[in-house]
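The structure appears right after this line, and notes come after that.
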Amino acid sequence: MRQLCALHALNNLFQGDQSYTKGELDDICNNLSPNVWINPHRSVLGLGNYDINVIMTALQKRNCEAIWFDKRKDPSIIDLDSIIGFILNIPSDYKFGVITLPLRRRHWIAVRRIGDSYYNLDSKLRQPELLGNEADMLQFLREQLSDELHQRELFLVLEQQSGENTDQRWIKQSYRKAVV
């Protein structure tokens, strides 16, 4: 069973000419940990299951970066116009055919705006799930992040920038002084 959800999440964010290949992500794994017998950045069998280090390096190759979002904050502080999209790391059941095994693994999904609407671009869905407008998408993120039983992580995907105050460019101007 191939575990390529990180690849799918990246490709769902960028699509077209900007898409990635499994070979690119495998090369990133090898560059992150050269000369190791078992690479810590993907599954032991080399079937995928890439970690956040691979995703962050892949994003850098497209002049983007992932910023971890502190789930103690409300998503309403996010300046949505500064965001390319979101990558969520969520728990996922481990299935073998129709049988669900009592193992938990992690799954990467992408959320992005297309036109005026936001979509959940989870590769496990048959088709993209329309989340709706900004308010609907922010509510979706709140629900995802409030699930304390199943640890979830949110990463904001932005274009890379250098200079002063770039670490807060994703925060709405009205919140910047209050949030440090």
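The values are calculated or read from the model by the stated rules, or taken from the named source; none is laboratory data. All values derive from a computational prediction rather than experimental measurement. Cβ sites come from the backbone with ideal geometry, for glycine too, and all protein chains shown count toward neighbours. Calculation scope for accessible area: heavy atoms of the full protein, side chains included, ligands and nucleic acids excluded. Shrake-Rupley method; radii C 1.70, N 1.55, O 1.52, S 1.80 Å.
Here are the numbers for this structure:
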quantity: Residue list for region 1-20, filter: open to solvent by 70 Å² or more (accessible area, probe 1.4 Å), in contact (Cβ under 8 Å) with a residue 12 or more places away in the chain and farther than 18 Å from residue 128 by Cβ; calculated: 1, 2
quantity: One residue from 123, 92 being within 19 Å of residue 4 (Cβ to Cβ), within 14 Å of the chain's Cα centre (by Cα) and at pLDDT below 95; calculated: 123
quantity: Within region 7-44, considering residues that are of a type in the set (Gly, Ala, Ser) and over 30 Å from residue 118 (Cα atoms), the one modelled with the lowest pLDDT; calculated: 43
quantity: Which numbered condition residue 105 fails, given (1) more than 20 Å from residue 53 (Cα to Cα); (2) open to solvent by 30 Å² or more (accessible area, probe 1.4 Å); (3) at pLDDT below 90; calculated: (1)
